[in-house]
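Engineer: Pasting in a structure now, in structure tokens, and then I'll have a few things to ask.
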Amino acid sequence: MRAQHAVPAALAVLVACLAGCTLAADDVADPPSADAEDAEDPPSATPPPPAAAPSAPGDAATELPYAARMPPEEEVDAMVLDAADAYLAHRAAYDAAARTGFADAQLLEAALEGTDGSMRDLLERESASLAEAGHVVEGGTEVLGMEVAWLGPPTADGGGLQVVFDACVLVRGVLRAPDGSVARDLTAADAVYVQPRLVHVDGGWVLHEQLQQAGPCPGDLTS
């Protein structure tokens, strides 16, 4: 599945990267690269389970084969599309909050909604830092392309389906200081290659982390 989008989105994490911050990452097994499998059809090309999710001894439910824990293929297709929409909706909400300098409490709450773990921690720190400095983001990012890089099945402890996307985003804009001057030019010459990881929780998708990858974006995501 390829979810091709070109919409205004958020500067979350990308602003932090351009400012020299280190992206947060949980201690989870690294997903395989997108070119290790057919990313156009993730349900039928499910990779082996991550080493970070072993079965608990004595629990018959945890002894199901990896493939048996996956929802039906047609259900996975629909869920992956929902996950892509959830990621883009989050980025748009964060972008709207950043344009106010995070002075609007409702917009900030909307930006944080649907995040947890290292992603929520990073967004809270970033928004507090920019708000304290009185900086306002003018601009945003354009999502040039998204495709599935990895799928993980529901876990024995109740965790839901996980999906990691390859995403290429192009940053345009400036960070405006309280006196109106440009504190930082955020515009990037090339698209940035990131991998957001979303987890299905209580019928919806939660953005758990987003990691910036070394090297240029995959060419098929920017064409």
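Engineer: Select the strands (runs of 3 or more DSSP E) contained entirely in segment 177-223, then report the ones holding at least 2 residues which are open to solvent by 80 Å² or more (accessible area, probe 1.4 Å).
Structural biologist: Hits in segment 177-223: 182-185.
Engineer: Could you tell me which of the residues V164, V80 is within 16 Å of E209 (Cβ to Cβ) and open to solvent by less than 10 Å² (accessible area, probe 1.4 Å)?
Structural biologist: V164
Engineer: Let me ask something additional. Read through the list (1) out of contact with any Leu (no Cβ under 9 Å at 6 or more places or on another chain); (2) β-branched (V, I, T); (3) over 22 Å from A84 (Cα atoms), then give the number of the only condition that V137 fails.
Structural biologist: Exception for V137: condition (1).
Engineer: In segment 100-129, how many are in contact (Cβ under 8 Å) with a residue 40 or more places away in the chain, surrounded by 17 or more Cβ atoms within 10 Å (Cβ to Cβ) and on the phi < 0 side of the Ramachandran plot?
Structural biologist: 7
Engineer: Has segment 81-101 got any residue that is of a type in the set (A, V, I, L, M, F, W, C) and farther than 23 Å from L170 by Cβ?
Structural biologist: No: zero hits.
Engineer: Right, next: If you scan segment 83-99, which residues turn out to be over 20 Å from G203 (Cα atoms) and open to solvent by 60 Å² or more (accessible area, probe 1.4 Å)?
Structural biologist: Scanning segment 83-99 gives a single hit, R99.
Engineer: Say whether the condition of being farther than 26 Å from D190 by Cα and touching a helix residue (DSSP H, G or I) at 6+ places or on another chain (Cβ under 6 Å) is met by at least one residue in segment 130-152.
Structural biologist: Yes, because at least one residue in segment 130-152 is farther than 26 Å from D190 by Cα and touching a helix residue (DSSP H, G or I) at 6+ places or on another chain (Cβ under 6 Å).
Engineer: Which residue, of P216, P196, is touching a residue at least 60 places away in the same chain (Cβ under 8 Å) and out of contact with any Gly (no Cβ under 8 Å at 6 or more places or on another chain)?
Structural biologist: After applying the criteria, what remains is P196.
Engineer: Okay, next question. On the given criteria, is T115 polar (S, T, N, Q) and closer than 19 Å to V194 by Cα?
Structural biologist: Against the criterion (polar (S, T, N, Q) and closer than 19 Å to V194 by Cα), T115 qualifies.
The values are calculated or read from the model by the stated rules, or taken from the named source; none is laboratory data. Computed from a prediction, not measured in an experiment: that's the story for all the values here. All Cβ positions, glycine included, derive from the backbone under ideal geometry; neighbour counts span all protein chains shown. Each accessible area value is taken on the protein alone, full model and side chains, heavy atoms only, with ligands, DNA and RNA left out. Shrake-Rupley method; radii C 1.70, N 1.55, O 1.52, S 1.80 Å.
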